[in-house]
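Okay, so here's the structure we're looking at.
The values are calculated or read from the model by the stated rules, or taken from the named source; none is laboratory data. Note that the structure is a prediction, hence the values are computed from the model and not measured. FYI the Cβ positions are ideal-geometry reconstructions off the backbone, even for glycines, and counts take in every protein chain you see. The area values use the complete protein model at the heavy-atom level, side chains included, leaving out ligands, DNA and RNA. Shrake-Rupley method; radii C 1.70, N 1.55, O 1.52, S 1.80 Å.
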Amino acid sequence: MEDGKFVVYSFIACILFLGVNGESPYRFFTLKVTHGDIYPLGVKQKGILINGQFPGPTIDAVTNDNLIIHVYNYLNVPFLISWNGVQQRRNSWQDGVLGTNCPIRPGKNFTYVLQVKDQIGTFFYFPSLLFHKAAGGYGSIRIWSRPKIPVPFPTPAGDFTVLAGDWYKRNHYVLRRYLESGHSLPFPDGLVINGRGWNGYTFTVDQGRTYRFRVSNVGISTSINFRIQSHKLKLIEVEGSHTLQNTYHSFDIHLGQSYSFLVTADQAPQDYYVVASSRFTPRVLTTTAILHYSNSRKGVSGPIPWAPTFQIASSLMQARSIRWNLTASGPRPNPQGSYHYGMITPSRTIMLANSAPYINGKQRYAVNGVSYVPPDTPLKLADYFKIPGVFNLGSIPTRPPSGNNAYLQTSVMAADFREYVEIVFQNWENTVQSWHIDGYSFFVVGMDGGQWTPDSRRSYNLRDAVSRCTTQVYPRSWTAIYMALDNVGMWNIRSENWARQYLGQQFYLRVYSPANSWRDEYPIPKHALLCGRTRGRRTRPL
């Protein structure tokens, strides 16, 4: 988009959303994407900065706010940014992944126009293209409840963001070349908390007061365990759902997941370790930040608190302990449990099995034997313009094949608007899998070891399973979810392990409504970027 047209298109976008969404407030953000020197593990690297920062600035919004986000790409390569957990109701046009959006070309800009409709909670944004996520470019998203909607805990004295994850000293384009040459990623070099290594970040608290810690795993390959020395973690929110307020000494956070904890500064006035360590890895990586009491005159001391490493059973039990708070309000002034998901019979079962095949002599990753290949034109645009040959519905089966053969394909699964489906993630590998579904929140009704069978439904939690957008699947195990397909669009289902995603462990779910109505889906944005086979076409009249 030329800069001279930028203001005009932003105005058009605002008028469109005013007509559709009434008087919901507007918030305007500008994100300038640049390269810059960063030193997360003490080694100079070429990182991706947002407004000169790593991590990028926090995006704050209130339920139902309309967000106008101007993204300027000052890199020398195309760029896309996506919004992990923001559901984009009726609006997959703004999802920011390659199946829905054309990249922002170098030196150009694009305006995302989206609404955080009926959402609260903790999420994050990240660069979705060219393995940029390994270079930074991510930041937190906090969606606050509207002032008159009660939350099930007293207002904390402060609100802290913790963006933690694994990190590589090699630059992202070097890692990308590893993958493109058919090799697996090496083991990470370390972990970071808010872009910094050992004791590089400080959270200051007042003794006796309680604080909210919003923790997201923004890494690309490793589950982590989070804990604070001598302090307890009271879980209050998981990716937009208030939870029963269980207390933990440490907590496992898998790739792409976000949690909120209340932490009370109830210890002697000194400094304490805030710890992130890797889980299920052959070598344990650890990093720390500092919890600093404002009246402290003593630095951190003592051993770093212990946490599990390889143990799967404890992590599974912890995951099962996460329950929805049925008496709390969600984004609206009614109990979260008023939607009785467990009383609805799914219309069909979709089983998704991950695998790590070699195809044409190179390492790939697949879902149901299909390793995803990006097309030359975003799927959403090809669907809108009815361009043949970009994708075929049914190009990925809804159950794993019986053999071990795998193949390359631009895989798209068909689904109907308002279907209610059961999805089973089956993992026969020895690694923990982490799955994310764009555009939706789903109920994690069950997980266990071994092969899923219809008898596995007997163990489902059909009363207070948590609703979230990212779930783990333990080694040689399964996880089952229920999901109402109430959001029309083209939606990415992917591994949050970014090497697996990059090499094919993803596909798109096309949720279709024949009504062609604004009630079901917003029209294509007038200012939508066009590329591939859509170049030279017109989006729509004013």
Applying the selection to the range 80-93, what residues are farther than 24 Å from Ser434 by Cβ and open to solvent by less than 10 Å² (accessible area, probe 1.4 Å)?
Asn91
Among Val421, Val367, Val412, which is open to solvent by less than 20 Å² (accessible area, probe 1.4 Å), among the aliphatic types (A, V, I, L, M), in contact with a helix residue (DSSP H, G or I) (Cβ under 7 Å, 6 or more places away or on another chain) and in contact (Cβ under 8 Å) with a residue 40 or more places away in the chain?
Val412
From the set of residues in the range 451-477 that are in contact with a helix residue (DSSP H, G or I) (Cβ under 9 Å, 6 or more places away or on another chain) and not hydroxyl-bearing (Ser, Thr, Tyr), which is farthest from Gly330 (Cα to Cα)?
Gln472
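Among strands (runs of 3 or more DSSP E) lying entirely in the range 321-426, which contain 2 or more residues that are of a type in the set (A, V, I, L, M)?
Values: elements: 348-355, 370-372, 407-409, 411-416.
Filter on the range 321-426 gives 348-355, 411-416.
Can you tell me how many residues within the range 146-195 are over 30 Å from Asn325 (Cα atoms) and in contact (Cβ under 8 Å) with a residue 24 or more places away in the chain?
Within the range 146-195, residues that are over 30 Å from Asn325 (Cα atoms) and in contact (Cβ under 8 Å) with a residue 24 or more places away in the chain number 22.
To keep it simple, each residue is scored yes or no on (1) without any contact (Cβ under 8 Å) to a residue 24 or more places away in the chain; (2) buried (at least 19 other Cβ atoms within 10 Å of the Cβ).
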site	(1), (2)
Ala276	no, yes
Arg283	no, no
Pro303	yes, no
Gln318	no, no
For the range 502-522, the count of residues that are free of Cβ contacts under 8 Å to residues at least 40 places away in the same chain and either touching a Leu at 6+ places or on another chain (Cβ under 9 Å) or under 20 Å from Gln94 (Cβ atoms) (or both) equals 3
Would you check if there is a residue in the range 135-145 being assigned to a loop (DSSP other than H, G, I, E, B) and open to solvent by 40 Å² or more (accessible area, probe 1.4 Å)?
no
Would you please name the residue that is least open to solvent (accessible area, probe 1.4 Å), looking only at residues in the range 287-301 that are among the polar types (S, T, N, Q) and assigned to a loop (DSSP other than H, G, I, E, B)?
Ser296
Scan the range 53-63 for residues that are surrounded by fewer than 20 Cβ atoms within 10 Å (Cβ to Cβ) and either in a loop (DSSP other than H, G, I, E, B) or within 18 Å of the chain's Cα centre (by Cα) (or both) and jot them down.
Pro57, Thr58, Asp60
Regarding the range 150-169, can at least one residue be identified that is crowded, with 19+ Cβ neighbours inside 10 Å, under 25 Å from Thr470 (Cα atoms) and of a type in the set (Ser, Thr, Tyr)?
yes
